[in-house]
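A.B. asks: Below: one structure in structure tokens.
The values are calculated or read from the model by the stated rules, or taken from the named source; none is laboratory data. It should be emphasised that the depicted structure is a prediction, and the values quoted were computed from it without experimental measurement. Here Cβ is always computed from backbone atoms with ideal geometry, including for glycine, and neighbour counts include all displayed protein chains. Accessible surface is based on the protein model in full, side chains and every heavy atom, while ligands, DNA and RNA are left aside. Shrake-Rupley method; radii C 1.70, N 1.55, O 1.52, S 1.80 Å.
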Amino acid sequence: MKRTIIVWALLMTVGSYAQNLKLTADNVDKIVEAMTLEEKAAIIVGKGAVAFDGRGKIYDYVAGSAGATNPIDRLGVPPIVYADGPSGLRIDNKQTTRFPNGLLQAASWNVAAIESLSEAYGSEAKALGVDVVLGPGINIQRNPLCGRNFEYLSEDPLLSGLTAAAIVRGIQKAGVGACPKHFAVNNQELNRLNNDSRVSQRTLREVYLRNFEIMLRHSDPRFIMSSYNFINGVTASENRDLLTTILREEWHFNGAVVSDWGAGYDAAKMVSAGNDNIQHGTKSAYNRIIESVNNGTLNIDDVNTSVRRLLRAAVQAIRYDGGNFTDNPPLDRNALIVREQAPEGFVLLKNKDNILPLSKGDRLALLGTTSYDFIHGGTGSGFIHNPYRSVCMPEGLTDAGFTLDEELHRYYLDYMQGELKRCEKVNKNVPWCCEKERAMEAVPRKLISEAAKRDRAAVITLGRVFGEGMDRDYYHSYLLSDGEMALLRAVSDAFHREGKPLIVVLNVGGIVDMTMWQDMADAVLLCWQPGEEGGHSVADVLAGDQFPSGRLPVSIPVRYEDDPTAANFPRIKADKYENYSFYRYNGATPHYDVPNVDYTNYEEGIYVGYRYYTTRNVAVAYPFGFGLSYTTFDYKDMKVKDKGDAVEVSLTVVNKGARAGKEVVQIYCHAPEEGLDKPVRELKGYAKTSTLQPGEQERVTVSIEKDLLASFDESASAWVAPKGVYTLVAARDADTPVLTAGYKLSKPLRTDCRNVLRGSFIDQ
Ligand code: BGC
């Protein structure tokens, strides 16, 4: 009898212990032990489908959020709620801030500004109960026609990596997680679920993985998103070499990997590759995990590893321990931040006779349908459904103290009403992923020539909007349309006849052709997609209340065909009604026939963007790193110091002009060849000055981690930097060196890597 009582008491204790067992930061292993296989599969597989057109949205936690993990209530495991995207929260029913897109942020070359902007974003996610922001998008801008370039950062891995790290630090400072994406080599939208990126090991290491690696050196994201595409024959989300060997073993990433929504074919393969959370999640993925563990094809240790990573993220979730949130994001404060910070990334491409800034009080002829239908951000998962503000050019210019030409203004208000109605009708049938119909350019010549007599200057805004699910059409999106060319011609003729300037504002998610038209413009301001206060931010710059201090994060070629990837990038005629993500989609066994659709050969190798233009001496319209200021700067006293693990470059920047400005000092390197061909210029570091008043100077210091001087030698499977003299160039842009100094590396460097991600079909 006594024994029975003891056994019963013991069972009760264990039972109530299991009942009281709740997840904490210190008991993750115990929770894993206590979980059933079904619970493990449930946390690995996301809560369900989501679509951009409203079907199947996750409404349990945050309306319109992208997805969530399944909670396990009995063990105190909360859900982790994910929401898009890189430029602000894409959720329903709540207003959110439309932040400047990633491309603009990279164009700011200002990590401190990026970090504070991102903290403002993170605070909004926290207030609205979102645990993980699905961004930044950091894939290399390999080709100007990629549909997602507006949310991606740069053609250069260092600029991408450092920008991404600043975004991650900022978002996470606010107490929520960031999720850089899409790992890796997801550089085209066409057939993105089936396209095989065929890339050499050197190119992967130096370009397409390097941005992620640099980001991880400078930040600690809670999540990374694996991409849809194949890399040298294996899908990213089922790729153990990518997600475990490189990401965890070589780079020591501590967070969790979540798949892109619907990526991967075999849930068991995904988990054993190191893909911890499968979104959006399907019943068949859940069953597949259970069945694979039971039949021994999926190792339970791999399952437990993924579960452990997700539990560690769950401890940080907002709903952990019943946590609550304000539901009241600081929208007014964030609007101000967006307005003030956007000009950090505005790139002044042209400013003939310093016509900018204009004088407040000037009467302006405002033209171009985009002035009235300003583009604040891109489309797809990066689209913001309910932006708090949407400031267009008329409001911005008027608030800045300009007067608008009344007749033109009235004409446009009336014309746009009809055009917007027409577009709305057409766009009803255009799927979420496809380019939407926009107002056509049309304005009577007579109005233009009369305005030219009355007004001080003409301002034309040209726009381009695109996004996920489709690459840009060369004719309709990269080149200017006939209507746009006719407008430019008419305005340029009329205003120049009167001795008055034409200013063009480019409100675009990526570069456009400049060669056809730029001679007609006196000034060109590239403001990208600057977020919800766009009209104000642009007007502040035109009025001189703010100055543009961005530099191009991509090169602008003379002709699209000059781009080194032009021959190996799809250039298809876009059909408005097709979702191009699924173009020639064939499930787990893709086709391998059509180049650039079924597979894409990265034949240009490491010579992407300016690495190609500078090395092969190909002229560009505007080089990488280019950007004018309202003033000019001199550089002097360049010094190079060996600091052990780093090389420190310092120099003095002097504001030589009559206005305030900020300079971006770019340090490029030309490394000794020693068996490997090397680009003439590679960006190794940069620094942006603070605001310098006329005559003011600042000493800037750029620290270059020595191992960034190395190149990847495939034959040794190692990063190698031979001893010798490394030429360091302090430059205004990739084509404009100012000061040069040598750095002598006296001992060669070598870091061995695992020989993985080899593609047999690529000439190595
Ligand atoms: C996109 C991701 C996005 C996800 C969730 C996918 O289609 O590629 O960037 O975060 O959907 O909405």
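A.B. asks: Restricting attention to region 715-727, does a residue exist that is charged (D, E, K, R), farther than 23 Å from Lys639 by Cα and either outside any strand (DSSP E or B) or open to solvent by less than 60 Å² (accessible area, probe 1.4 Å) (or both)?
C.D. replies: no
A.B. asks: Can you tell me which residue is farthest from the ligand (Cβ to nearest atom) among those in region 454-496 that are among the charged types (D, E, K, R) and modelled with pLDDT under 95? I'd like the intermediate steps shown before the answer.
C.D. replies: Keep residues of region 454-496 that are among the charged types (D, E, K, R), which gives 454-456, 464, 468, 471-473, 482, 484, 489, 493.
Imposing the further condition that a residue be modelled with pLDDT under 95 reduces the set to 468, 471-473.
On the way: Glu468: 6, Asp471: 14, Arg472: 17, Asp473: 20 Å.
Per the stated criteria, the residue is Asp473.
A.B. asks: Can you pull out every residue in region 698-713 that is closer than 20 Å to Val199 by Cβ and open to solvent by 30 Å² or more (accessible area, probe 1.4 Å)?
C.D. replies: So the first thing to find is which residues in region 698-713 are closer than 20 Å to Val199 by Cβ, and the list is 710-713.
Scanning region 698-713 gives a single hit, Asp713.
A.B. asks: Whether any residue in region 165-176 is closer than 25 Å to Leu552 by Cβ, within 12 Å of the chain's Cα centre (by Cα) and not small (Gly, Ala, Ser) is what I want to check.
C.D. replies: Yes, region 165-176 contains at least one residue that is closer than 25 Å to Leu552 by Cβ, within 12 Å of the chain's Cα centre (by Cα) and not small (Gly, Ala, Ser).
A.B. asks: Given the residues Asn287, Asn275, which is the only one that is within 16 Å of the ligand (Cβ to nearest atom), modelled with pLDDT of 95 or more and either crowded, with 16+ Cβ neighbours inside 10 Å or part of a helix (DSSP H, G or I) (or both)?
C.D. replies: Exactly one of Asn287, Asn275 is within 16 Å of the ligand (Cβ to nearest atom), modelled with pLDDT of 95 or more and either crowded, with 16+ Cβ neighbours inside 10 Å or part of a helix (DSSP H, G or I) (or both), namely Asn275.
A.B. asks: Could you tell me how many of the residues in region 591-603 are in a loop (DSSP other than H, G, I, E, B) and surrounded by fewer than 21 Cβ atoms within 10 Å (Cβ to Cβ)? Walk me through it before giving the result.
C.D. replies: Just the residues of region 591-603 that are in a loop (DSSP other than H, G, I, E, B), to begin with: 591-594, 596-598, 602-603.
Still in the running and surrounded by fewer than 21 Cβ atoms within 10 Å (Cβ to Cβ): 591-594, 596-598, 603.
Residues that pass the stated criteria total 8.
A.B. asks: Moving to a separate point now. Across region 142-164, what is the number of residues that are away from the ligand (no atom under 13 Å from the Cβ) and out of contact with any Lys or Arg (no Cβ under 9 Å at 6 or more places or on another chain)? It would help to see each step written out before you state the result.
C.D. replies: The initial filter retains those residues of region 142-164 that are away from the ligand (no atom under 13 Å from the Cβ), namely 142-145, 149, 153-164.
Keeping just the survivors that are out of contact with any Lys or Arg (no Cβ under 9 Å at 6 or more places or on another chain) gives 142-143, 153-154, 159, 162-164.
Residues in region 142-164 being away from the ligand (no atom under 13 Å from the Cβ) and out of contact with any Lys or Arg (no Cβ under 9 Å at 6 or more places or on another chain): 8 in total.
A.B. asks: While we're on this one: Which pairs have Cβ atoms under 8 Å, sit 6 or more apart or on different chains, and link a residue in region 610-626 that is among the small types (Gly, Ala, Ser) to one that is assigned to a loop (DSSP other than H, G, I, E, B)?
C.D. replies: If the second residue must be assigned to a loop (DSSP other than H, G, I, E, B), the pairs left are Ala619/Val558; Ala621/Met514; Ala621/Thr515; Ala621/Val558; Gly625/Arg551; Gly625/Leu552; Gly625/Ala734.
A.B. asks: Pairs, please: C-beta under 6 Å, at least 6 apart or cross-chain, first residue at pLDDT 95 or above and in region 111-126, second of a type in the set (Gly, Ala, Ser) and assigned to a helix (DSSP H, G or I)?
C.D. replies: Val111/Ala166; Ile114/Ala166; Glu115/Ala166; Glu115/Gly170; Ser118/Gly170; Glu119/Gly170
A.B. asks: Here is a follow-up. With the requirement that a residue be among the acidic types (Asp, Glu) and within 16 Å of the ligand (Cβ to nearest atom), what does region 258-272 give you? So that I can check it myself, show each step before the final result.
C.D. replies: Of the residues in region 258-272, the ones among the acidic types (Asp, Glu) are 260, 266.
Asp260 - this is the single residue of region 258-272 that is among the acidic types (Asp, Glu) and within 16 Å of the ligand (Cβ to nearest atom).
A.B. asks: Next question, about the same structure. Glu33 passes all but one of (1) within 16 Å of the ligand (Cβ to nearest atom); (2) modelled with pLDDT of 90 or more; (3) open to solvent by 30 Å² or more (accessible area, probe 1.4 Å); which number fails?
C.D. replies: Single failed check for Glu33: (1).
A.B. asks: Related question: Look through region 407-446, keep the residues that are in contact with an Asp or Glu (Cβ under 6 Å, 6 or more places away or on another chain) and either open to solvent by 50 Å² or more (accessible area, probe 1.4 Å) or in a helix (DSSP H, G or I) (or both), and return whichever of them is nearest to Ala539 (Cα to Cα).
C.D. replies: Cys423
A.B. asks: Give me the residue from region 514-532 that is open to solvent by 10 Å² or more (accessible area, probe 1.4 Å) and assigned to a loop (DSSP other than H, G, I, E, B) and, out of that set, nearest to Leu331 (Cα to Cα).
C.D. replies: Applying the first criterion (open to solvent by 10 Å² or more (accessible area, probe 1.4 Å)) to region 514-532 yields 515-516, 518-520, 522.
With the extra rule that they be assigned to a loop (DSSP other than H, G, I, E, B), the set shrinks to 515-516, 522.
Working: Thr515: 40, Met516: 41, Asp522: 37 Å.
By that ranking, first place goes to Asp522.
A.B. asks: Count, please, the residues in region 372-406 that happen to be open to solvent by 60 Å² or more (accessible area, probe 1.4 Å) and within 16 Å of the ligand (Cβ to nearest atom).
C.D. replies: 1
A.B. asks: Right, something else. Does any residue in region 258-273 that is touching a residue at least 60 places away in the same chain (Cβ under 8 Å) come within less than 7 Å, Cβ to Cβ, of a residue that is part of a helix (DSSP H, G or I) and within 13 Å of the ligand (Cβ to nearest atom) six or more places away or on a different chain, and which pairs are these?
C.D. replies: From region 258-273, the pairs are Ala263/Ser237.
A.B. asks: Can you tell me which residues in region 381-406 are of a type in the set (S, T, N, Q) and either modelled with pLDDT of 95 or more or in a helix (DSSP H, G or I) (or both)?
C.D. replies: Of all residues in region 381-406, those of a type in the set (S, T, N, Q) come to 381, 386, 390, 398, 403.
Of everything in region 381-406, those that are of a type in the set (S, T, N, Q) and either modelled with pLDDT of 95 or more or in a helix (DSSP H, G or I) (or both) turn out to be Ser381, Ser390, Thr398, Thr403.
A.B. asks: Can you find even one residue in region 566-589 that is of a type in the set (Ser, Thr, Tyr), surrounded by 18 or more Cβ atoms within 10 Å (Cβ to Cβ) and modelled with pLDDT of 95 or more? Before you say what the answer is, go through the steps one by one.
C.D. replies: Just the residues of region 566-589 that are of a type in the set (Ser, Thr, Tyr), to begin with: 577, 580-581, 583, 585, 589.
Within this subset, residues satisfying the condition of being surrounded by 18 or more Cβ atoms within 10 Å (Cβ to Cβ) are 580-581, 583.
After this cut, where a residue has to be modelled with pLDDT of 95 or more as well, the list is none.
Among the residues of region 566-589, not one is of a type in the set (Ser, Thr, Tyr), surrounded by 18 or more Cβ atoms within 10 Å (Cβ to Cβ) and modelled with pLDDT of 95 or more, which makes the answer no.
A.B. asks: When you scan region 193-244, how many residues do you find that are open to solvent by 10 Å² or more (accessible area, probe 1.4 Å) and either part of a helix (DSSP H, G or I) or of a type in the set (D, E, K, R) (or both)?
C.D. replies: 15
A.B. asks: Something else now. Any idea which of Arg472, Arg489, Arg456, Arg464 is open to solvent by 60 Å² or more (accessible area, probe 1.4 Å), of a type in the set (Lys, Arg) and either touching a Lys or Arg at 6+ places or on another chain (Cβ under 9 Å) or touching a residue at least 60 places away in the same chain (Cβ under 8 Å) (or both)? Steps first, answer last, please.
C.D. replies: On the way: Arg472 fails: open to solvent by 60 Å² or more (accessible area, probe 1.4 Å); Arg489 fails: either touching a Lys or Arg at 6+ places or on another chain (Cβ under 9 Å) or touching a residue at least 60 places away in the same chain (Cβ under 8 Å) (or both); Arg464 fails: open to solvent by 60 Å² or more (accessible area, probe 1.4 Å).
Exactly one of Arg472, Arg489, Arg456, Arg464 is open to solvent by 60 Å² or more (accessible area, probe 1.4 Å), of a type in the set (Lys, Arg) and either touching a Lys or Arg at 6+ places or on another chain (Cβ under 9 Å) or touching a residue at least 60 places away in the same chain (Cβ under 8 Å) (or both), namely Arg456.
A.B. asks: Suppose the filter is of a type in the set (S, T, N, Q), in a loop (DSSP other than H, G, I, E, B), out of contact with any strand residue (DSSP E or B) (no Cβ under 9 Å at 6 or more places or on another chain) and in contact (Cβ under 8 Å) with a residue 60 or more places away in the chain; does Gln546 pass it? Reasoning before the result, please.
C.D. replies: Details: of a type in the set (S, T, N, Q): yes; in a loop (DSSP other than H, G, I, E, B): yes; out of contact with any strand residue (DSSP E or B) (no Cβ under 9 Å at 6 or more places or on another chain): yes; in contact (Cβ under 8 Å) with a residue 60 or more places away in the chain: yes.
For Gln546, the condition - of a type in the set (S, T, N, Q), in a loop (DSSP other than H, G, I, E, B), out of contact with any strand residue (DSSP E or B) (no Cβ under 9 Å at 6 or more places or on another chain) and in contact (Cβ under 8 Å) with a residue 60 or more places away in the chain - is met.
A.B. asks: Considering region 303-330 alone, what residues qualify as being out of contact with any helix residue (DSSP H, G or I) (no Cβ under 8 Å at 6 or more places or on another chain) and either assigned to a helix (DSSP H, G or I) or surrounded by 15 or more Cβ atoms within 10 Å (Cβ to Cβ) (or both)? Step through it out loud before you land on a result.
C.D. replies: Filtering region 303-330 down to residues out of contact with any helix residue (DSSP H, G or I) (no Cβ under 8 Å at 6 or more places or on another chain) leaves 305, 309, 313, 316-317, 319, 321-324.
The answer is Thr305, Arg309, Ala313, Gln316, Ala317, Arg319, Asp321, Gly322.
A.B. asks: Being more than 11 Å from the ligand (Cβ to nearest atom) and of a type in the set (S, T, N, Q) is the filter here, so list the residues in region 175-195 that pass it.
C.D. replies: Matches in region 175-195: Asn187, Gln188, Asn191, Asn194, Asn195.
A.B. asks: So, one more: Could you list, in sequence order, all residues of region 246-260 that are open to solvent by 10 Å² or more (accessible area, probe 1.4 Å) and either in a helix (DSSP H, G or I) or at pLDDT below 95 (or both)?
C.D. replies: Arg248, Glu249, Glu250
For (1) among the aliphatic types (A, V, I, L, M); (2) at negative phi, each residue gets a yes or a no:
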| site | (1), (2) |
| --- | --- |
| Ala365 | yes, yes |
| Gly368 | no, no |
| Gly382 | no, yes |
| Asn386 | no, yes |
| Gln417 | no, yes |
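A.B. asks: Please work out which one of (1) of a type outside the set (S, T, N, Q); (2) within 16 Å of the ligand (Cβ to nearest atom); (3) modelled with pLDDT of 95 or more is the condition Gly281 fails and give its number.
C.D. replies: (3)
A.B. asks: Quick test for you: out of Ile167, Ile171, pick the one residue that is over 30 Å from Gly605 (Cβ atoms), within 16 Å of the ligand (Cβ to nearest atom), in a helix (DSSP H, G or I) and in contact with a helix residue (DSSP H, G or I) (Cβ under 7 Å, 6 or more places away or on another chain).
C.D. replies: Residue meeting the stated conditions: Ile171.
A.B. asks: Take the residues of region 80-99 that are more than 12 Å from the ligand (Cβ to nearest atom) and open to solvent by 10 Å² or more (accessible area, probe 1.4 Å): which is nearest to Glu151 (Cα to Cα)?
C.D. replies: The residue in question is Arg98.
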